Amino acid sequence: MKLSTKLTLFITGSKLAIVGLFILLLPFLIRQIASNYTNFSLRNQQKKVLQNINKKGIDYYFEGDNSYGSYTMLKDEYIALETVAQTLKLDTIRDTKRIVEQDTIAYRVLSFTFQKNKKNYLLEIGKTTASINLYNDALQRFALYVLIILIALSIIIDLIFTRQLIKPLGQIIKLRLTNSRFPFKKKHGHINTSTQDFKYLDHSLISLMDQINEAFEKEREFTANASHEFMTPISILQNKMENLLTEESASEAVQEHVVDMMKTLERLKKISRSLLLISRIENEQFSKQEEIEPQTLFNEMVEEIGHRLEEKNIQIDIELSHNKRLSHINHDLLFQLFYNLINNAIKFNKENGSIQISDHLEKGYYSILVSDSGQGIKAEDIPHVFDRFKKTGHAENAGYGLGLAIVKSIANYLNLKVQVNSILGEGASFKVIFEIEQRISKSIT
């Protein structure tokens, strides 16, 4: 999962969690706010009543009676004032019930005692709990809507900021890793970012790519020079050994040894040629302007390698039902690629075995499949079959030498893909994939 996706999920999830928690707490918060506001309102009314008593006297309310009571038309609020015992001391706000005109109504009541003219008075100011909670549902809905709008805006702002923040990281991954192909020839400028961590990462990757390129160039130069220099002494040794074979004084045993040495020199010569070929491919010394018909290519190949097939009595079946003409290709390199694959299919095949060559059209791709009925490849060896001089577990013909390394180099140079599938003991198959848009010009009928 990408970092941007994780951040998006985290931001959205955290905001939704806040909304969920707020929804759970909202009724309690609204009730608490309404209760506190009611208490504040009752205290203000208490202050006004006491101010009136201090200014106008207690008789302003009693008017000759011993008590005073007043309530609104809907009985939502009331005020009561009466004389009580000197020992009674109250200053409370609580929920209780009162009987008003034979109706029992729940009120939130402020009870307060005070002294006036050497008498103790009780002041009660009440407000119905129904009126207090009248707007609770509306307030809850309003608060919830406001919260949702604020959360949505904060999510949008966070997502925009997060995308802008990690955008340089995406550019680094795309330019330095995803779209970079070894060897790294294209030079990229530094990513424009104000984040020091991303700057450090970008500079480190560029430095690492430069070091890899430098090491690769030195290795490629050494391989080319060493392979070229080997050819001269090998040719001289071969000429001297051929001269030894022509001498009449050489015994039969000496001649046999000379022949063995010549075989070893020939193998060394093939290795040098293969390394030179890989070096030339990596140095891009081949053009890619030819068009090739696969059927013709394989016919040429079978003519050249036919004697190898006859030695092990191997049947080769070529069924190219699509036979797409390949453009922007190099004939010699593609010939060498498939030649090496077929050569391996013969080398690791069994007596009286078979080789099948077929083509397939898939979405956007044209592929050619080379399959054999040979020994197969161990699953743990498959990732390493294209490595140079990689040894395998076969008792005979140990190692894939440079044949498949050449296949990989050619495929990289021609922008092809090679996939390997194998079941040990049942054979192996190599699929060479061409991109239709770039490689196919027209069908051959």
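The values are calculated or read from the model by the stated rules, or taken from the named source; none is laboratory data. Model, not experiment: these values are computed from the prediction. A quick note on method: Cβ atoms are made from the backbone with ideal geometry, for glycine too, and the neighbour counts reach across all protein chains shown. What goes into the accessible areas is simple: the full protein's heavy atoms, side chains included, and nothing from ligands, DNA or RNA. Shrake-Rupley method; radii C 1.70, N 1.55, O 1.52, S 1.80 Å.
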Exercise for the section: Go through the residues of the stretch 265-284 one by one and say whether even a single one is modelled with pLDDT of 80 or more, within 29 Å of Phe434 (Cβ to Cβ) and of a type in the set (Lys, Arg). Expected result: no
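From the set of residues in the stretch 338-375 that are closer than 20 Å to Asn299 by Cα and among the aromatic types (Phe, Trp, Tyr), which is nearest to the chain's Cα centre (by Cα)?
Tyr366
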Problem - Residue check, Glu256 modelled with pLDDT of 80 or more, open to solvent by 90 Å² or more (accessible area, probe 1.4 Å) and farther than 30 Å from Leu165 by Cβ - result: yes
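Matching residues to (1) assigned to a loop (DSSP other than H, G, I, E, B); (2) under 26 Å from Leu404 (Cα atoms):
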site	(1), (2)
Ser249	yes, no
Gln255	no, no
Val259	no, no
Lys263	no, yes
Lys270	no, yes
Leu277	no, yes
Ile281	no, yes
Exercise for the section: Could you identify the single residue in Gln285, Gln295 that is closer than 18 Å to Ser358 by Cα and either part of a strand (DSSP E or B) or open to solvent by 40 Å² or more (accessible area, probe 1.4 Å) (or both)? Expected result: Gln295
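The rows are residues; the columns are (1) farther than 16 Å from Ile329 by Cα; (2) modelled with pLDDT of 90 or more; (3) not in a strand (DSSP E or B).
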| residue | (1), (2), (3) |
| --- | --- |
| Gly401 | yes, no, yes |
| Ala405 | yes, no, yes |
| Asn421 | yes, yes, no |
| Ile433 | no, yes, no |
Practice task
Pairs only if they're at least six apart or on different chains, beta carbon under 8 angstrom, first in the stretch 24-40 and assigned to a helix (DSSP H, G or I) and surrounded by 12 or more Cβ atoms within 10 Å (Cβ to Cβ), second of a type in the set (Val, Ile, Thr) and modelled with pLDDT of 90 or more; list them, first residue then second.
Solution key: Asn39/Ile93
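Inside the stretch 87-138, can you point out the residues that are outside any strand (DSSP E or B) and open to solvent by 90 Å² or more (accessible area, probe 1.4 Å)?
Keep residues of the stretch 87-138 that are outside any strand (DSSP E or B), which gives 87-90, 101-102, 117-118, 129-138.
Across the stretch 87-138, the qualifying residues are Thr87, Lys89, Glu101, Gln102, Asn117, Lys118, Leu134, Tyr135, Asp137.
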Completion exercise
Scanning the stretch 267-279 for residues that are open to solvent by 60 Å² or more (accessible area, probe 1.4 Å) and either touching a residue at least 12 places away in the same chain (Cβ under 8 Å) or over 22 Å from Asn340 (Cβ atoms) (or both) gives Leu268, Ile271, Arg273
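Per-residue answers, yes or no, for (1) under 19 Å from Leu414 (Cα atoms); (2) free of Cβ contacts under 8 Å to residues at least 12 places away in the same chain; (3) crowded, with 19+ Cβ neighbours inside 10 Å:
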| residue | (1), (2), (3) |
| --- | --- |
| Lys324 | yes, no, yes |
| Asn330 | yes, no, yes |
| Phe338 | yes, no, yes |
| Phe348 | no, no, yes |
| Gly353 | no, no, yes |
| Leu369 | yes, no, no |
Practice task
Hey, can you tell me all the residues within the stretch 53-69 that are open to solvent by less than 50 Å² (accessible area, probe 1.4 Å) and either within 25 Å of Glu101 (Cβ to Cβ) or part of a helix (DSSP H, G or I) (or both)?
Solution key: Ile53, Tyr61, Phe62
Problem - Single match in Ile151, Ile173 (criterion: of a type in the set (A, V, I, L, M), free of Cβ contacts under 8 Å to residues at least 12 places away in the same chain and surrounded by 15 or more Cβ atoms within 10 Å (Cβ to Cβ)) - result: Ile173
Handout entry: Qualifying residue in the stretch 302-319 (condition: buried (at least 18 other Cβ atoms within 10 Å of the Cβ) and of a type outside the set (A, V, I, L, M))
Key = no
